[in-house]
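Working notes, structure below.
The values are calculated or read from the model by the stated rules, or taken from the named source; none is laboratory data. Source: prediction; values computed, not measured. For neighbour counting, all protein chains shown are included, and Cβ atoms are generated from backbone atoms with ideal geometry for every residue, glycine included.
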Amino acid sequence: MKLLLFDRDKLGVYKGENIVDVSGAISGNTYFSPQGIMNDIIANFSSYKSKIQEIVNANDGVPASSVKISAPLPYPNQLIAMAVNYMEFGARSAPAPINAFLKSPDSVIGNGDTVELPSADAAIFHHEAELGLVIGKKGFKIQAKDAYDYIFGYVNFIDVSARGLGNGSFYWGKSWDTFGPMGPCITTADEISDPQNLDIKLWVNDVLRQDFNSNDMGHNIARCIEWVSQTTVLEPGDIIVTGTNHQGLGAIQDGDKIEIEIENLNRLTVYVKDNLKREWPTGIDQATADRAAGRTTSGGFGERS
Amino acid sequence: MKLLLFDDYQLGVLNKDGNVVNVSQEVENFDKMPPNLRVVEVINNWSKYQPKFNNCIENNSGTDISGHKILPPLPKPGKMVCMAVNYMENGTRSEPAPINAFLKSPNSVIGDGDTIEMSEQDAIVFEHEAELAMIIGKEAKNAKQDDWRDYIFGYMNFIDVSSRGLGAPPMDSFFAMKSPNTSAPMGPFIVTADEIPDPLNLDVKLWVNGKLRQDYHTSDMAHKIPRCIEWTSSITKLNPGDIVPTGTNHRGLGPIHDGDKIEMEIENMGKLTVFVKDSLKRQWADETRLERQEKGEKETMAPRIK
C-alpha cells in the first residue's frame, strides 16, 4: 500500500495514478497535527489496514495532480540521516566509519514544494538522493537480525546540503528549512521485496544526475538500524535516511526542477528558489565525486581554494 | 511563574510558598492532548492562560512538591538546538570559537529524579555539561538580535550529557555523542522570562555527589543569547516549545559514574537532581578538567581507570 497525506490533513492511498481519500478510516479520532495522523496509522496499521483497503477497493479516487500532496511524515520526531554511507560504485576499499546526524523536522517539505536556498555564503548546494526507512515499531538496541521487523515502509528523500559552511557542522550544512524533500508516499514494506536492491534516480531539469542502486550502501540497512538504535529509541513515524552515492551530485540553483524516484516509491518533484540568483556550473560536480570515491584527498564538497 | 508537569503529566504552577497547584483543567482539551503538547499549548496561548493560572495560585494553598513525581516540562520537544563550545572559559579563550550548534534527540529527555543510563558503547568518558536552556515562546525565523526577548518564553536547568569519542570523529559526531537515550536531564520546572530579568547574569552550579564541579556565570557566554537566537533561527525556524541550551563552561567538567548523584541549579530555577547508572561499572579518575590542568596533566579529560 502507498500511503500519503494530502490537502493538509487528509489520509490517502495511491490507486494507480489516482489518489483515494481514505480519511474515513480514521474519522472520529482526534489528532493534533498531520504527523500525528501518520504516526497513528503506522503504529496501529494492523487495525486500520482492512478498513483502508475496503475504501480503496470501493473508490476510483481522483487524479494525483488534482490535490496538494504533502510530505507523508511532515514533522517527524526524529529524522536521522546516515553520513557517508555508500561505496561509490565500489570505488571505496572499505565503508567510512558509521556515523549519522539529526536533521531538523522543519526541513521537511513535500511534493510540489520549493527548496529555498538561504542567503548564507555556501560554496555550493547539492541534492543527495536517499532511500528513507520509515520506522514502524518502538525499539532500542535492536539487533541487525531483527532490524526489518522495525521497518514500516520506504520513502524517497532528498538530503539537500549546503557545503562549505561551519567547518563540517551538520546543523549548519543540513538542517536549513526546506532542505528535506520527502515523498510523495510511504510504500509499505510488503511491497518492497528487496530494499537492498533498488534503483535510485534523481534528475535536475530532466537530466539524469544520480543513478545508483541501494546495493552499493556502505553499512547496510540492518546495520544502520542496529547502530542508530544503540543511541536512541526509535519510534513509529521516525525516519532514517540511508545516505547517498556521491557520484552524480551537482549544484542546484534558482529555477531548477528536481525529481527523485526510487523503484516502486513513485516520483517526488520539488523546485528550487534562490533570491540571490547565484549561479554554479550545471551538471555533475566531478571534484566531489572524486573526493568521495577516494580518487583525490582534497577538493569537492564545496572546499574553497 | 514556575510551570511543571507532574505525576501523570498533570500541569502545575508553583504558588508563593513553593507548593504545587494543579492547573490542568484550565487548559482546553488537556486530557486528550499528548503529554509533549501540554506545555506547548500553554506557551502558544500564554496571554490567555497566564491570568487564569495567577488566579489559581492566589486562591490555592497547593500541595507539597516533595509528594509528587516531577516530570520533564517538555518531555519530547519539537527540537533541541544546542549551542556548541559557547563559553569564554573564564576568559581564558582569546576569542569565541566559531558559532556552531547541533540537534539533540527529543527522545533523550529525562526529568528530575530520573536516571542517566550510560551507553554500553566504548566512550572515552561521559561528562555532565550544566547549561542554561531557553524555551522558545514565539515562532522565530531570521530573528533580529534586538528582538531576542520577544522569542523567549522562559528558562530552565539543562544538563547536556556527553559521551565523548562516540561516532566517527573528527567528522561531526554530535548524534552519537549527545543524543544517547537519557542524555538530556531538564527541569524541574520552567521559569517564565519575566522572572529572569538578565539571563546573562546568572550563577550556574553543578554538583556530583555533593561536591561542587561546575560553578560559572552566564556573563562568560561567548556568543550571547541575542546572537544565539539570531543565528540558530537563520538556519531553522524555532517554534514555541523548542529548547535552545546555550552551552557550558568546560572547566568544571568531569566524569560521571554508576551510582552518582548529579545536582544542578541556576539561580531562581530550582534544583534538578538526577542519578547515574552504568551497567558496566566503568571508572574514571575523579578529577575535573580544571583540576587536571592545574596538575599539569596533558590529557584534558579524566582517564579511565577500570
Residue that is farthest from the other protein chains (Cβ to nearest Cβ), among those in the range A:171-185 that are touching a Leu at 6+ places or on another chain (Cβ under 7 Å) and either free of Cβ contacts under 8 Å to residues at least 60 places away in the same chain or in a helix (DSSP H, G or I) (or both): A:G173
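From B:P96, B:P77, B:P73, grab the single residue that is surrounded by 15 or more Cβ atoms within 10 Å (Cβ to Cβ), more than 23 Å from B:L238 (Cα to Cα) and under 22 Å from the mean Cα position of the chain (by Cα). Steps first, please.
Numbers: B:P77 fails: more than 23 Å from B:L238 (Cα to Cα); B:P73 fails: more than 23 Å from B:L238 (Cα to Cα).
So the residue among B:P96, B:P77, B:P73 that is surrounded by 15 or more Cβ atoms within 10 Å (Cβ to Cβ), more than 23 Å from B:L238 (Cα to Cα) and under 22 Å from the mean Cα position of the chain (by Cα) is B:P96.
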Out of the residues in the range A:100-109 that are more than 12 Å from A:G173 (Cα to Cα) and surrounded by 24 or more Cβ atoms within 10 Å (Cβ to Cβ), which is nearest to the other protein chains (Cβ to nearest Cβ)? A:A100
What tally of residues in the range B:242-267 results from selecting those that are among the hydrophobic types (A, V, I, L, M, F, W, C) and either in a loop (DSSP other than H, G, I, E, B) or without any contact (Cβ under 8 Å) to a residue 60 or more places away in the chain (or both)? 2
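Okay, residues lined up against (1) surrounded by fewer than 22 Cβ atoms within 10 Å (Cβ to Cβ); (2) among the aromatic types (F, W, Y); (3) under 26 Å from B:V81 (Cα atoms):
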residue	(1), (2), (3)
A:N111	no, no, no
A:S119	yes, no, yes
A:A123	yes, no, yes
A:Q143	yes, no, no
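I'd like to verify a number: residues in the range B:161-188 that are within 13 Å of B:V244 (Cα to Cα) and within 14 Å of another protein chain (Cβ to nearest Cβ), how many? Before the answer, list the steps.
Residues of the range B:161-188 that are within 13 Å of B:V244 (Cα to Cα), as a first pass: B:184, B:186.
Still in the running and within 14 Å of another protein chain (Cβ to nearest Cβ): B:184.
Count: 1.
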Given the conditions (1) surrounded by 20 or more Cβ atoms within 10 Å (Cβ to Cβ); (2) at pLDDT 95 or above; (3) in a loop (DSSP other than H, G, I, E, B), every one holds for A:G302 apart from (2)
Every residue in the range B:224-242 that is surrounded by fewer than 24 Cβ atoms within 10 Å (Cβ to Cβ) and either facing chain A (nearest Cβ under 10 Å) or within 29 Å of A:Y75 (Cα to Cα) (or both), please. B:I225, B:P226, B:R227, B:E230, B:W231, B:S233, B:S234, B:K237, B:N239, B:P240
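In this structure, does A:I225 turn out to be within 14 Å of chain B (Cβ to nearest Cβ) and either closer than 27 Å to A:F45 by Cα or part of a helix (DSSP H, G or I) (or both)?
no
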What residue, of B:A133, B:A140, B:A84, B:A123, is in contact with a helix residue (DSSP H, G or I) (Cβ under 7 Å, 6 or more places away or on another chain) and either modelled with pLDDT of 95 or more or not assigned by TED's automatic domain parsing to the domain that holds B:G254 (or both)? B:A140
Of the residues in the range B:176-233, those that are closer than 25 Å to B:K277 by Cβ, outside any strand (DSSP E or B) and touching a residue at least 60 places away in the same chain (Cβ under 8 Å) come to B:K178, B:S179, B:P180, B:N181, B:T182, B:S183, B:G187, B:P188, B:F189
Counting residues that are over 20 Å from the mean Cα position of the chain (by Cα) and touching a residue at least 12 places away in the same chain (Cβ under 8 Å), which strands (runs of 3 or more DSSP E) fully inside the range A:1-54 reach at least 1? A:10-15, A:18-21
Within the range B:1-19, residues being over 19 Å from the mean Cα position of the chain (by Cα), over 17 Å from B:P51 (Cα atoms) and in a strand (DSSP E or B) number 1
Matching residues in the range B:133-150 - criterion: being surrounded by fewer than 24 Cβ atoms within 10 Å (Cβ to Cβ) and away from chain A (no Cβ under 14 Å): B:G137, B:K138, B:K144, B:Q145, B:D146, B:D147, B:W148, B:R149, B:D150
Restricting the range B:189-223 to residues that are among the basic types (K, R) and crowded, with 18+ Cβ neighbours inside 10 Å, the one nearest to the other protein chains (Cβ to nearest Cβ) turns out to be B:R213
Tell me yes or no: at least one residue of the range B:41-50 is at pLDDT 95 or above, outside the structural domain of B:F189 (by TED's automatic domain parsing) and either aliphatic (A, V, I, L, M) or closer than 19 Å to B:F174 by Cβ (or both). yes
